[in-house]
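The values are calculated or read from the model by the stated rules, or taken from the named source; none is laboratory data. The model shown is predicted, which means the values in this text are computed figures rather than measured ones. No Cβ is skipped: glycine too gets one built from the backbone with ideal geometry, and neighbour counts run over all protein chains shown.
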Amino acid sequence: MKGEWAGSGSFKIDREAALRKLERFQLADAGAFPEWWVRCAIASGASEVRVELEGGRVAVRFKGRRFTPEELDRVWEPLLGEPGDPRLAPRRFLAIGLLAALRLKPKRLIVESGDGESCHRLEPPGGRVEALGAPLDGTLVEVALRRSWFRRPARETRERLLYRCLGSPVPVRLGEEELPRVRSLEGWWAFRRDGMSGWLSPVRAHGSRFDLCVAGVRVCSEHVVHPIAQVDGVLEDDDFRLDLSGGSVLKDGRHSRALREAELAVDELIIRECRRAARAETRRLGWLRDACTRLTEPTREHARPAIKALWDAKLFSTAQGRRISLRHVAEVRRRSGMLHRAAGPIPVGDFEQLVLALQEHGDALSDMVY
């Protein structure tokens, strides 16, 4: 793409040529524009993000680092180079959202940004930056949509955002409603590894689901099977690289490391809950017992601390009310060739062999192979 040098080494981009190039490659999902503006706010250091929905109008307000008149004038510039510079992230997210909104052919699209003393406005795609008389402390991005694109713009925008901001470090409000965030939800365990923030919630399922987030907003979900126990997870990493559509995380080295670190974090959670089980403090007994059904031979699996913890934790109950470990259960089964289970309590001494409490374990032990 051709351009001309314009003082102090800065590069002046032909706006129409830039838009033609960008429209060919960017954004499979034009309706995602509010998510990009929320990312812009979070990357700008905002302490709160407000989303306003009224009819066909969608507006995002926040106080963070303001956009200078020069940055507004070169609003498309961050999209034409490599996306690796984190300092350009707010401008890049802003521009992607604007580009997405333009694909909806809105009635009006504006960006206003100020420092409380002065304020400037841009009306993409071809408008020039102009100074406003009224000062604004913060940034406003606003679009007025045509109803031909959304049957119910406000409702559909709310549904899109409702569970996509789980990883946000700051409150995101739709009017007076604060969107759910894992930081404020019960039952989620937080960890931080290799620059990535993560949250895990145990689930009794056949697989795990991880929401991959950039600047606090979900990009896509990854479905994997942990070798021991399953979780719902949120992984927030601003170093995730996105594909050209903006709707998926590239499966590169960073992606692979993130899932590997998440697997290690699940192991840590297993060990933590096994320790809590010893003090009868865990609410995850069912989850831990499900994990036990994936184990095979206790003498061969000591290398992985999480597996050793499952073998040794007292996760099971006898019909006499004693807590015992899976290792104990396996030893009894090895010696006798069977396990006895009872639907109700049995007085001590009625059986010499171990009897498990059937009503507590159901068929959890039936699937074990030793």
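Restricting attention to the stretch 188-206, and to residues there that are at pLDDT 90 or above and assigned to a loop (DSSP other than H, G, I, E, B), which single residue is farthest from A291 (Cα to Cα)?
That would be W188.
Go through the stretch 32-72 and give me each residue that's over 26 Å from the mean Cα position of the chain (by Cα) and among the hydrophobic types (A, V, I, L, M, F, W, C).
Hits for the stretch 32-72 are F67, L72.
Among the residues of the stretch 154-187, which ones are touching a residue at least 40 places away in the same chain (Cβ under 8 Å), surrounded by 12 or more Cβ atoms within 10 Å (Cβ to Cβ) and part of a loop (DSSP other than H, G, I, E, B)?
Once the filter is applied, which keeps residues that are touching a residue at least 40 places away in the same chain (Cβ under 8 Å), surrounded by 12 or more Cβ atoms within 10 Å (Cβ to Cβ) and part of a loop (DSSP other than H, G, I, E, B), the stretch 154-187 yields R164, C165, L166, G167, S168, P169, V170, P171, G175.
Of the conditions (1) touching a strand residue (DSSP E or B) at 6+ places or on another chain (Cβ under 7 Å); (2) under 30 Å from D85 (Cα atoms); (3) outside any helix (DSSP H, G or I), S245 fails just one. Which one is it?
Answer for S245: the failing condition is (1).
Let's see how each residue does on (1) among the β-branched types (V, I, T); (2) out of contact with any Cys (no Cβ under 7 Å at 6 or more places or on another chain); (3) not assigned by TED's automatic domain parsing to the domain that holds H328:
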{"site": "G216", "(1), (2), (3)": "no, no, yes"}
{"site": "V219", "(1), (2), (3)": "yes, no, yes"}
{"site": "K251", "(1), (2), (3)": "no, yes, yes"}
{"site": "A262", "(1), (2), (3)": "no, yes, yes"}
